[in-house]
Every structure is written in structure tokens, then in C-alpha cells.
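The values are calculated or read from the model by the stated rules, or taken from the named source; none is laboratory data. None of these values were measured; they are calculated from a predicted model. Note that we place each Cβ from the backbone using ideal geometry, even for glycine, and neighbour counts take in every protein chain shown. These accessible areas exclude ligands, DNA and RNA; they are computed on the full protein's heavy atoms, side chains included. Shrake-Rupley method; radii C 1.70, N 1.55, O 1.52, S 1.80 Å.
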Amino acid sequence: MKRPCNITLASLLTVEEENEPKYTKKRRMTIGNKWEVKDLPEMPYLYLKEKTSVVVLNDGAQNIANRIVKAAKDINCIGEYDDGKAKATLTVEDTEMTVQLFKVNSDKNDKLFSCIIVELCRSNGSPIVFHRSARQILSACTLNKGGHKNIKNNSPVPQSTIKMKLGHGSKFRINESDLFHRTVETVDTLLKKDRIDANLLGMESLQLITNTNCSSDATVAFASNVVMNGCHFMDIKPKVIELILNQFKNDVEDDVTEPTYYRKMRVSGLSVLWNALNFTSKNNSINEEYFQGDEWTGEEGLILALLKEVGNAMDSPQEAFLAGKCLLIILKTSAYIRSTASQMEASSIVSQGSSSWDSYLLLKTVALELLTLLEDTK
């Protein structure tokens with residue numbers, strides 16, 4: 001009589017697994033489905049609430065959930081809703097966020113809570129996309145049926161609002177020029193620090209406040225005037241010129257990390273110069289006489305440095321492109337600079353980087369326009 005074969009643990013596990021039903025992965029529901037909120041969890045004691053949250057008073061949880069669903073649908077979100085936990089997971093543009101509803105003080109009526117907190121948290125993805133979407137969702141949460149916001153009447157007014165109300169039309173109003181002065185003063189402080197990362201932050205900030213796409217025209221006008229003339233901040237203009245003239249190169253060659261920061265600072269410096277030149281030339285704030293100094297036309301002046309930068313397009317195409325845009329504005333503004341550039345054999349200097357033009361079409365466009373302008377001057 002044969003002995004029965006041994007039943008091992010592995011075989012038992014295999015049998016059990018085969019008999020168990022196979023569950024498919026839970027599919028994410030679309031935003032068009034309803035979110036039926038049955039009960040809200042109470043906010044835990046000493047819970048650290050996110051800044052991306054809002055308090056809704058005297059409104060039903062289901063009404064708030066319906067408005068969240070509608071707002072998410074309007075911004076093309078994909079969502080998955082947990083009715084029991086009053087929690088939703090939304091995804092838009094590869095950015096995932098969670099929406100959680102809390103109750104604070106429950107009323108006798110289970111369908112209505114005197115205070116509901118809606119909190120949004122970013123799980124992963126772009127912070128910019130998250131905050132843009134969160135603003136729309138949170139704004140929709142506070143609207144009632146009549147389209148009015150449910151806000152607490154006796155809630156404390158933010159201090160900034162008080163200052164704005166006091167400052168309107170009174171002696172407490174902050175002067176606009178003082179605000180510009182403080183902004184540029186912050187940049188000047190960063191540029192004076194010994195830390196190169198602080199210097200980089202200062203140059204990038206200066207780049208933003210001289211860009212009309214990022215700042216108001218009044219701010220750009222004030223900052224551009226500082227870059228071109230110095231005014232009360234006499235260290236900003238020399239700093240920009242030193243970066244363009246490449247005077248810091250010998251100081252950072254032996255360091256491993258500083259060249260990366262230095263190159264970023266040079267790109268920001270060239271962008272700042274172009275922003276300032278572009279704005280002042282459009283507003284006729286500079287004339288031909290402005291460029292008739294050794295600072296621009298000398299042997300170590302900005303014109304020759306910008307020409308060499310364009311000619312060095314093979315090694316630094318981004319810097320060459322920005323330098324070319326600066327030269328275009330200067331040459332179109334000043335006939336004296338056009339004649340001086342011809343004496344410097346500017347056409348041959350610019351043509352040295354022609355081998356890389358086909359790889360960078362924007363650079364090629366600027367360089368060809370430069371050559372045409374220089375040829376017409378001869």
C-alpha cells in the first residue's frame with residue numbers, strides 16, 4: 001500500500017490562493033459621478049490644519065460636496081470619492097490632491113453642521129497647478145445657493161485689510177515710490193552679501209522687477225532707471241556690468257559649485273540689461289548721448305563684451321542670444337554706436353559663432369538681423 005504524498009505548506013497556500021476570488025484593481029471614477037456624503041469625521045484635537053482650507057458656516061455637507069464636484073468638473077479633474085470618510089482624491093494635469101471634509105460642532109440635525117472645514121492637501125505633482133486648482137475649489141465651497149459667500153460676521157478682520165482701509169485716502173497710505181524703493185533695497189541687500197546663492201537670488205529678483213510680464217509698468221520703470229543710471233543704489237549697476245564683462249570668472253574657476261551659480265547670474269544679468277534697455281527705449285528714456293562713454297565704447301566696454309558674447313555662441317548660446325538682443329536695441333537707438341561697432345569689425349566678431357546658428361533658430365534670427373544692421377551702416 002502506497003503512502004500518501006506529503007502536503008507541504010506551499011501547496012496549501014497555492015490551493016487557497018487558487019480558490020480565492022481575484023479582485024480587480026479599483027478603477028478611478030470620473031468627476032461626473034455623485035459624491036454622497038453620509039457623515040463627517042470630527043477634526044482631531046490639536047490637528048494642524050493646512051493653509052489651503054476654508055471654513056463654511058451653516059451649510060449642509062452634501063451641498064458643499066456637490067459644489068466641489070461641480071468645481072472639479074469645471075477644471076477637468078478626475079476624481080475618486082469615499083462617501084464614508086467624506087474624502088475625495090482629485091487629479092488634474094498629473095497633480096494629485098485630496099479633499100477632506102471635517103465637522104467641528106454638530107447641530108441636532110444630522111444633515112446640517114454649524115461649522116464645516118474643507119481642507120485640500122497636495123499628494124504629488126506641481127505646486128502651481130495645485131494652488132491654482134485649490135483656489136477655485138475652495139472658492140466654490142463658500143458659495144451658497146444664492147451665489148453669496150458664507151462667512152462669519154464676527155470673524156476677525158485680517159491685519160492687512162485693516163491697514164488697507166486705514167491707508168485709503170489718509171496720511172497712513174504707503175507711498176508708491178517708497179514701495180519701489182524698498183523692493184530695490186531688498187535686491188541691493190542680496191547683491192551685497194558674501195553668499196553666492198544670495199547674489200543669485202538678488203539677480204533673479206532684479207530680472208523679475210524689470211520684466212513687464214511679471215511687474216507693473218511703474219515698478220519696471222523704477223527698476224530700469226536704477227539699472228541704467230544707478231540713482232540711489234549705486235552698487236546694482238556696477239554689479240550688472242561686472243557680470244556682463246565676465247570679471248568674476250577667475251575667482252570661481254577653482255571652485256566646483258560656484259561656476260553653475262555664476263553662469264546663472266550672468267544669464268540673469270544679461271536679461272536684466274535687455275529688460276531695462278527694452279523698456280527705456282520704448283519710453284524714450286535714453287538717447288544717443290547716453291552710450292557715448294568709455295563704459296560702453298571703451299576697450300573694456302559693454303559693446304565689445306556683448307559682441308564677443310555673440311561670437312562665442314558655440315559655447316554659450318543662451319548668453320549669445322541675450323547679448324544679441326541687447327546689441328540690437330543699442331544699435332537701433334544710437335548711430336554713434338553703429339559707427340563705433342563698424343570700427344571694431346563687429347561683423348567679423350558676430351560671424352565667429354555662425355557654425356551654431358542652425359542649431360538655435362532664435363539666435364540665428366537675432367545674429368542675422370545684427371549683421372544686416374551692421375552692413376547697412378558701412
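Brief remarks on what is shown
- FRET efficiency estimate (nearest 0.05) - Cβ-Cβ, Asn284 to Tyr336, R0 22 angstrom: 0.80
- Span from the the range 309-364 Cα centroid across to the the range 124-144 one, whole angstrom: 45 Å
- 27 Å Cα-Cα threshold exceeded, pairs from Lys193/Lys237; Lys51/Lys85; Lys49/Lys193: Lys49/Lys193
- Diffusion constant of the range 285-378 at 10 °C, which comes from Stokes-Einstein with the Kirkwood Cα-pair radius and 1.306 mPa s, µm²/s: 122 µm²/s
- For the range 197-211, the residues whose backbone nitrogen is under 13 Å from a point 7 Å from the Cα of Cys231, taken along Cα to Cβ, are 209-210.
- Sequence-separation-based contact order of the range 194-238, relative, with Cα cut under 8 Å and 6+ spacing, percent: 21 percent
- Portion, in percent, of the accessible area of the range 322-367 that falls on carbon or sulfur, probe 1.4 Å: 52 percent
- Each of Asn124 and Asp74 was given a label point 7 Å from its Cα along the Cα-to-Cβ line. The distance between the two points is 3.0 nm.
- Between Ser216 and Leu46, the contour length at 0.36 nm per residue exceeds the alpha carbon distance by 57.0 nm.
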